[in-house]
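Take a look at the structure set out below.
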Amino acid sequence: GDDRRTDIETISGEVDIEDLIPEQQSVITLTHGGYIKRQPVEVYRTQRRGGRGISGVARKDEDFVEDMFITSTHDYVLFFTNRGKMYRMKGYEIPETGRAARGSHVVNLLPIEKDEKISAMIRVDEVENDSYLVMVTRNGTIKRTALSAYRNVRKGGIIAINLEEGDELAWVRNTTGGDELIIATRNGVAIRFAESDVRPMGRTATGVRAIRLDEGDEVIAMATCEEGGYLLTVTENGQGRRTPLEEYRTQNRGGRGVRNYDCVGKETLVAGVRVVGEEDDVILIADDGIIIRIPCEQIAVQSRGGGVHAMRLEEGSRVVALARAPREEDDESPDEGEDAENTDNTDEPETAEE
């Protein structure tokens, strides 16, 4: 005999499926080998309280987490490939997995071609904000485009930058328009300049020169400067050091830069460069599959030029990759049981070579 509490009405228009998906904060991780996964942020915090950090991510011996950030399931995640294409997904479209699972390979989620690989992953809450995307190629070309130019993305991706023959897109950063950038090369040169030196261009533009390279040299890193940060440089023979960013004076775009690391006569080249803080970890990986993860504060602070041993290598091996990661505390190994079962929750790549 109670009065009806529900209103039954006819509503015009279509129902957006996104409105039926709850919005929650999630942790997105991408490994060096191309495996991506999504976890609720509450699971990640539980790991941190237990001192586990990100050690619950199952990976092959030669793989490691290269990029990780917190985003909403309704935010956009932008993927850029070495061939200059951009793909876009909503956070909820990335499969959610157990915290000990490796995740899905990107070739199973994006229509990338066999010779394409993901070179950058960016999160944005909306494509209509006033920020920019700054892109840098191996051959030293830079392009800055308003984020709003990428509002319409087809399922098969769109061109993010037109590349010259033999060049590839290697780094992408989401900037404010007033940042300062630092670019480093394999032969030990670095240049720092204001983002505003690069005029905004259209989506399909090629870009302008960021640094004048010597013959045989190539860009191996691009980063935005952080207040109080350091430029961590590691060479192929395992030498490394941190240098305060203040030691790199601001120059005009397109110059030759300054000497970052003295490679002359040492039969070694720079393997990687990252802007780091005191509370970060650094991951070094050698071509023989050996990985070391150390706190950045354990690497000596020195002026531009030389360095000290950061990683001791076996004879004939060399450092090939460098990644910045949040501080990870040591703890006991994962318990058997739930975590062991979850490690099988993996999508192997259908087309990518192992």
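No other residue among Ser196, Ser148 is surrounded by fewer than 17 Cβ atoms within 10 Å (Cβ to Cβ), under 23 Å from Val258 (Cα atoms) and of a type in the set (Ser, Thr, Tyr) apart from Ser196. Scan the stretch 147-157 residue by residue and report those that are among the hydrophobic types (A, V, I, L, M, F, W, C) and over 14 Å from Val172 (Cβ atoms). Of everything in the stretch 147-157, just one residue is among the hydrophobic types (A, V, I, L, M, F, W, C) and over 14 Å from Val172 (Cβ atoms), namely Val153.
Hey, can you tell me all the residues within the stretch 296-305 that are over 11 Å from Leu232 (Cα atoms) and either modelled with pLDDT under 85 or open to solvent by less than 30 Å² (accessible area, probe 1.4 Å) (or both)? If the condition is that a residue be over 11 Å from Leu232 (Cα atoms) and either modelled with pLDDT under 85 or open to solvent by less than 30 Å² (accessible area, probe 1.4 Å) (or both), then Gly305 is the only one that fits.
Could you pull out the residue among Val308, Val319 that is open to solvent by less than 80 Å² (accessible area, probe 1.4 Å), at pLDDT below 85 and within 25 Å of Asn187 (Cβ to Cβ)? Walk me through it before giving the result.
Details: Val319 fails: at pLDDT below 85.
Only one candidate passes the filter, namely Val308.
Across the stretch 133-143, a minimum of one residue is classified as basic (Lys, Arg) and either open to solvent by less than 20 Å² (accessible area, probe 1.4 Å) or touching a Cys at 6+ places or on another chain (Cβ under 8 Å) (or both). Return the residue satisfying two criteria in turn: it lies in the stretch 157-175 and is within 23 Å of Leu109 (Cβ to Cβ) and of a type in the set (Val, Ile, Thr), and of such residues it is surrounded by the most Cβ atoms within 10 Å (Cβ to Cβ). Out of the qualifying residues, it is Ile161.
When you scan the stretch 225-235, how many residues do you find that are without any contact (Cβ under 8 Å) to a residue 60 or more places away in the chain and either in contact with a strand residue (DSSP E or B) (Cβ under 8 Å, 6 or more places away or on another chain) or of a type outside the set (D, E, K, R) (or both)? Number of matching residues: 5.
Number of residues in the stretch 84-111 that are in contact with a strand residue (DSSP E or B) (Cβ under 7 Å, 6 or more places away or on another chain) and over 24 Å from Glu18 (Cβ atoms) equals 6.
Of all the numbered requirements in (1) part of a loop (DSSP other than H, G, I, E, B); (2) open to solvent by 10 Å² or more (accessible area, probe 1.4 Å); (3) of a type outside the set (Asp, Glu); (4) in contact (Cβ under 8 Å) with a residue 24 or more places away in the chain, Gly178 misses one, and that requirement is (4). Asn260 meets each of the listed conditions (1) open to solvent by 20 Å² or more (accessible area, probe 1.4 Å); (2) touching a residue at least 12 places away in the same chain (Cβ under 8 Å) apart from (1).
Applying a threshold of 6 Å to beta carbon distances and a minimum spacing of six or more residues, or different chains, the list of pairs starting in the stretch 190-212 at a residue that is at positive phi and ending at one that is among the polar types (S, T, N, Q) reads Gly207/Thr141. Among the criteria (1) open to solvent by 20 Å² or more (accessible area, probe 1.4 Å); (2) within 15 Å of Asn82 (Cβ to Cβ); (3) without any contact (Cβ under 8 Å) to a residue 40 or more places away in the chain; (4) not polar (S, T, N, Q), the one Arg154 does not fulfil is (2).
The values are calculated or read from the model by the stated rules, or taken from the named source; none is laboratory data. Remember, it's a predicted structure, so these values are computed and weren't measured experimentally. With ideal geometry, Cβ positions are generated from the backbone for all residues, glycine too; neighbour counts draw on all protein chains shown. Heads up: the accessible areas ignore ligands, DNA and RNA and are worked out on the full protein's heavy atoms, side chains in. Shrake-Rupley method; radii C 1.70, N 1.55, O 1.52, S 1.80 Å.
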